[in-house]
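Have a look at the structure below before the remarks.
The values are calculated or read from the model by the stated rules, or taken from the named source; none is laboratory data. In this text, all values refer to a predicted model and were calculated from it rather than measured experimentally. Reconstructed Cβ throughout: ideal geometry from the backbone, glycine too, with neighbour counts over all protein chains shown.
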Amino acid sequence: MKTARFQEKTLWLLLFELLGETWGIRFSDIQEILETKEITPVPKTPPFITGITHKRGKIITVIDLGFLAGETQRESGEIRIIHLKSPGLDIGLLIKSKVSSELLPGAIETKGSVVKEVGQQGKVSIEKSIIRNGPDNINVLEVDQLIKSLEKYYL
């Protein structure tokens, strides 16, 4: 009996749909996946900040990833908050899509970015790496770059 060999550059991704494409976040960048909780709006924040929520006494700033990527509002039966690992900020990404996980070979082919103008305060950049999964591409969100881009908003 043959056993599958573990590839050194394998990525474990949380997959979801955004802009009609498959996107992923490395599990190593995720602290926790939260079911939809009550999100409290915060006045005078940039439009991509949905509000705040709490988890075991911590306040988490909830960012609408779809808004940052330029996706028009869409209704979804499944909404999750992806609490990211970050040493200085507690950020949760609002995902309006079904989520799943998959272990994939980590052959990054190209890099790209989506830049969103956010009023007079500047731009937020969403960096992505693209990997091929058979005939499909998966956009892998570069979480570190997103957090650096959001730091100027004093979350």
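Observations
- Residue that is farthest from Asp90 (Cα to Cα) [pool: residues in the stretch 40-62 that are of a type in the set (A, V, I, L, M) and under 17 Å from the mean Cα position of the chain (by Cα)]: Ile49
- Some residue of the stretch 44-64 being in contact with a Ser or Thr (Cβ under 8 Å, 6 or more places away or on another chain), within 16 Å of Leu19 (Cα to Cα) and not aliphatic (A, V, I, L, M): yes
- Tabulated pairs, the stretch 47-74, first touching a residue at least 24 places away in the same chain (Cβ under 8 Å), second surrounded by 13 or more Cβ atoms within 10 Å (Cβ to Cβ) and of a type in the set (D, E, K, R), C-beta under 6 angstrom, 6+ apart or interchain: Phe48/Asp64; Thr50/Asp64; Thr53/Lys37; Lys58/Asp90; Ile60/Asp90; Gly66/Lys96; Leu68/Lys116
- When residues in the stretch 114-126 are screened for being at pLDDT 75 or above and either closer than 15 Å to Leu19 by Cβ or over 18 Å from the mean Cα position of the chain (by Cα) (or both), 1 of them pass.
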